[in-house]
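Visitor: This structure is in structure tokens; I'll ask about it shortly.
Readers should treat all values here as calculations from the given coordinates under stated rules, not as data from a laboratory. On a predicted model such as this, the values are computed, not experimentally measured, just so you know. Every residue, glycine as well, gets a Cβ built from its backbone with ideal geometry; the counts of neighbours run over all protein chains shown.
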Amino acid sequence: MLIENINREYLENFDDLSEAAVELISYNEIEGELDEMWSFVQNKGNQRWLWLAIHHETRVVLAYTFGTRTDDVFRELKALLTPFGITVFYTDEWGAYERNLPAHTHYVGKSNTQRIERKNLTLRTRVKRLARRTICFSKSMRLHDIVIGLAINYIEFSSFQFLIDKLF
């Protein structure tokens, strides 16, 4: 599959000692914000959730996945985040986070999830299939995931040019 669910370029350059990286290394904590966003396929009864993770300091999208709003899909996102070595997770009060993240690394609240909520709003504005009230929707889950995945790759991952070169 050509669409990446993880920001590999950011991961490969993660050891680059930029100002942000030096500050993060000095605290020895890598913080991430996690959230899920609702959408649907064919009708609103057929829900599809976009699970998203961003780097707390730099606001870079680290990884995403699609599925239902269950613990299994969250664990899939958590597995994608393993190479980043996130030590602190900021989330909302959804139960999947509390059940699958250690209490000493998990912080619940709106004050530390403002950036990912802003990212969700930006995606919802740019990708109409994520809008709550829209006439633009997908007819298949596969197409839904591909369209939104391409949008995230294009908007958030700088390696999208690689996909264009490979496709055309």
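Visitor: Pop a pseudo-label 7 angstrom from the Cα along the beta-carbon direction at both Arg126 and Thr68 and give the gap in nm to one decimal.
Guide: Reported label-point gap for Arg126 and Thr68 is 3.1 nm.
Visitor: In what order do Met37, Met141 fall by count of nearby beta-carbon atoms within 10 Å, going from fewest to most?
Guide: Placing the least packed residue first, the sequence is Met141, Met37.
Visitor: Can you give me the distance in nm between label points at Arg8 and Ser140, each placed 7 Å from the Cα along the Cα-to-Cβ direction?
Guide: 2.5
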